[in-house]
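K.L.:
Just dropping this structure here.
Since every read-out is calculated from the coordinates, none of them should be taken as a lab result. Not measured: the values here are computed from a predicted model. We place every Cβ from the backbone using ideal geometry, glycine too, and count neighbours over all the protein chains shown.
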Amino acid sequence: MDKPTLVILAAGMGSRYGGLKQIDSFTPEGDTIIDFSLHDALKAGFGKFVFIIRKSFEKEFKEIFNKKLKGRAEVVYVFQELDSVPEKYINPDRTKPWGTGHALLMAKEVIKENFAIINADDFYGAEAFETMAESLKAMDKNSYKFSMIAYLLENTVSNYGFVSRGECQVTDKGYLLNVTERTHIEKIADKLYRKGEKGEMLPINKDTVVSMNFWGFTPKCFEFGGELFKAFLEANKENLKSEFYLPSIVNEILKSNKACVEVLKSKAKWFGVTYKEDKEIVEKAIVNLKEQGVYPKKLW
C-alpha cells in the first residue's frame, strides 16, 4: 500500500501577520510550525511531502526543509503563482495568491496516492495526524469517500483580531453536509461573532464545528473544482482580493452526490498564528509540549 502524502499550503503572503509566518521560528531551537506537522506526519506514516509555495521563497524553503527530510521522505515543490491562470485573467495589480482551492488544483500532476492537505501556519497536534493517516490508509485509492479533521470554533479563534474559518454542517452519522467559508469571525467581549453579507456582526455558537483546512482525499478529488475555478475567475476578474477557497471544491464534491466527506473529530489541541501577537501564545504552548515530553527538544 502506498504511504499517504501530505500537501502543505504555504503560498500565502502573511499580510495580517506581517511576514512569512510559514518559515518563522517559534522555538529557541529554530523550529517552524511546519516542522511539527512534518514530525507528526512522519510518525503517523506519511511518506511524501508536497509544498505549495511561491517561487519568490523557494530558496528559503529548500534550505530549511530539504536537509531535514532527506532520507526520511520524498519532497516535491509546486508553485502557485499569480500567473498560474489563463492569460486573460492575469492582472498586474494583483498581489494576493488565488486561494487554497486554486492551490489544491495546482498539485494535481504530482499526486497519485491518497493524501491530506493542511495549512502551513496551523499546529494540528499529533493525534490529528494519526487519525487522518489511519483514515487515508483505509481508503480505496479509487473511491470517492473523503474526510476532514474537525475542530470546535472556540478552540481556534485569536484574541487579537478576526479569523477565517469553514463553518461545517454535519449529519447525525458524522458526514459533512456543507461548509461555509466565514471570512470574518471575531471575539468581542468574550463572545463570538461572524460578519454577515451586509457587514453586520452576527452571533455564532462557540461549539460550531469548523474546518481548519485539514482534509483527506483520494486522487479522485481532482475530478472536481476545475470548471468551478474557471467560473470563479470569470466572475471575479476585476476583484484583486478575491480568493478561490478549498471549501468551494468540497461543496461541489458534496453536491455531486458522487462523493462523501466523513468528519473525523480530533481532541488534539489546535493553535495557530494569524496575527503577530499570536506568536507569543504559540511559543509558550510549544515550549510546554517539549517540557512535557510530547516532542523532543531537537526535532531533527
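K.L.:
Roughly how many Å is it from the Cα centre of segment 267-296 to that of segment 180-256, as a whole number?
P.N.:
26 Å
K.L.:
A follow-up question, please. If you consider only alpha-carbon coordinates, what radius of gyration and Dmax does segment 138-187 have, in Å?
P.N.:
Computed over the Cα atoms of segment 138-187, radius of gyration and Dmax are 14.1, 43 Å.
K.L.:
Using a Förster distance of 51 Å, how high is the FRET efficiency between I188 and L69, based on the Cβ-Cβ distance and rounded to 0.05?
P.N.:
Numbers: r = 42 Å, r/R0 = 0.82.
Here the calculated transfer efficiency is 0.75.
K.L.:
Still on this structure, I have one more. Which whole number of Å³ per residue matches the convex hull of the alpha-carbon atoms in segment 81-162? Intermediate results must be reported in sequence, preceding the final value.
P.N.:
Values: hull volume 12.7 nm³, N = 82.
Dividing the Cα hull volume of segment 81-162 by its residue count gives 155 Å³.
K.L.:
I'd like to know how the chain sits against the 2.2 N^0.38 Å rule of thumb: what's its Cα Rg over that expected value? Kindly include the intermediate steps, with their values, before the conclusion.
P.N.:
Values: Rg = 18.4 Å, N = 300, 2.2 N^0.38 = 19.2 Å.
Ratio of Rg to 2.2 N^0.38 Å for the chain: 0.96.
K.L.:
Please identify, among E197, E252, E81, the residue showing maximal mean-square fluctuation in a Gaussian network model of the chain using a 10 angstrom Cα cutoff.
P.N.:
The residue with the greatest mean-square fluctuation here is E197.
K.L.:
Still on this structure, I have one more. Rounded to whole Å and sorted largest first, what semi-axes of the equivalent ellipsoid does the C-alpha gyration tensor of segment 216-287 yield via the square root of 5 times each eigenvalue? All intermediate terms of the calculation are to be shown ahead of the outcome.
P.N.:
Details: eigenvalues 198, 94, 13 Å².
Over the Cα atoms of segment 216-287, the semi-axes work out to 31, 22, 8 Å.
K.L.:
How much length is gained if the chain between K108 and D2 is pulled fully straight, taking 0.36 nm per residue apart and subtracting their Cα-Cα distance, in nm to one decimal? Let's see the in-between values first.
P.N.:
Values: separation 106, 0.36 × 106 = 38.16 nm, distance 1.70 nm.
Computed gain between K108 and D2 is 36.5 nm.
K.L.:
Given the options G47, G125, G196, state which has the largest fluctuation in a GNM of the chain using a 10 Å cut-off (strictly under) for Cα springs.
P.N.:
It is G196.
K.L.:
Same structure, new question: Exactly which trypsin sites (Lys or Arg not before Pro) in segment 104-158 are in a DSSP loop and have at most 16 other Cβ atoms within 10 Å? Don't jump to the answer; show the numbers that get you there.
P.N.:
Working: sites: K108, K112, K137, K141, K145; in loops: K112, K141.
Here the trypsin sites (Lys or Arg not before Pro) that fit, given the DSSP loop and packing criteria, are K112, K141.
K.L.:
Here's another thing I want to ask about it. Hey, which lysines would be in cross-link range of K145, C-alpha to C-alpha under 22 Å, not counting anything within fewer than 8 residues on its own chain?
P.N.:
K3, K48, K108, K112, K137, K173, K220, K255, K258, K265
K.L.:
Next question, about the same structure. Figure the gain on full extension for Y160 and K237 (residue separation times 0.36 nm, minus the Cα-Cα span) and round it to one decimal in nm. The partial results should precede the final answer.
P.N.:
Details: separation 77, 0.36 × 77 = 27.72 nm, distance 3.19 nm.
Taking 0.36 nm per residue and subtracting the Cα distance, the gain is 24.5 nm.
K.L.:
Something else: Could you derive backbone 3J(HN,Hα) for segment 68-83 from the dihedral phi with the Karplus parameters 6.51, -1.76 and 1.60 (θ = phi - 60°), listing whole Hz in sequence and x where the residue is Gly or Pro?
P.N.:
With the stated coefficients, segment 68-83 comes to 5, 9, 4, x, 9, 6, 6, 10, 10, 10, 10, 9, 9, 10, 5, 9 Hz.
K.L.:
Looking at segment 166-232, I'd like the Rg to Rh ratio, where Rg is from alpha-carbon atoms and Rh is Kirkwood's inverse mean 1/r. Mind dumping the intermediate values first?
P.N.:
Details: Rg = 15.1 Å, Rh = 14.4 Å.
Ratio value, two decimals: 1.05.
K.L.:
Using a Gaussian network model on the chain with a 10 Å cutoff between Cα atoms, which of K59, K43, K237 fluctuates the most?
P.N.:
K59
K.L.:
Can you compute 3J(HN,Hα) from phi for each residue in segment 114-120, using the Karplus curve 6.51 cos²θ - 1.76 cosθ + 1.60 with θ = phi - 60°, rounded to whole Hz and x for Gly and Pro?
P.N.:
4, 8, 10, 10, 9, 7, 5
K.L.:
Please report how far the C-alpha centroid of segment 155-173 lies from that of segment 96-110, rounded to the nearest whole angstrom.
P.N.:
With segment 155-173 and segment 96-110 each reduced to a Cα centre, they are spaced 22 Å.
K.L.:
A follow-up question, please. Using only the Cα atoms of segment 168-290, what semi-axes does the equivalent ellipsoid have when each is the square root of 5 times a gyration tensor eigenvalue? Give whole Å, largest first.
P.N.:
Working: eigenvalues 153, 88, 57 Å².
Working through the eigenvalues yields semi-axes of 28, 21, 17 Å.
K.L.:
Same structure again: Once you treat every alpha carbon in segment 1-145 as an equal point and sum by Debye, what is log10 I(q)/I(0) at q = 0.14, 0.20 Å⁻¹?
P.N.:
Results for segment 1-145 at q = 0.14, 0.20 Å⁻¹ read -0.69, -1.30.
K.L.:
What dipole magnitude, in Debye to the nearest 20, does segment 5-291 give about its Cα centre under +1 on Lys/Arg Cβ and -1 on Asp/Glu Cβ? Please report the intermediate quantities before stating the final value.
P.N.:
On the way: 42 positive and 42 negative charges, 58 e Å.
For segment 5-291, the charge dipole is close to 280 debye.
K.L.:
Beyond a 31 Å Cα-Cα separation, which of these cross-linked pairs lie in this structure: K43/K237; K68/K96; K21/K206? Don't skip to the answer; put the middle values down first.
P.N.:
Details: K43/K237 43 Å; K68/K96 29 Å; K21/K206 26 Å.
Pairs exceeding 31 Å: K43/K237.
K.L.:
Please order W300, W270, W215 by the number of other Cβ within 10 Å, starting at the fewest.
P.N.:
Numbers: W300 14, W270 18, W215 26.
With the sparsest Cβ surroundings first, the list reads W300, W270, W215.
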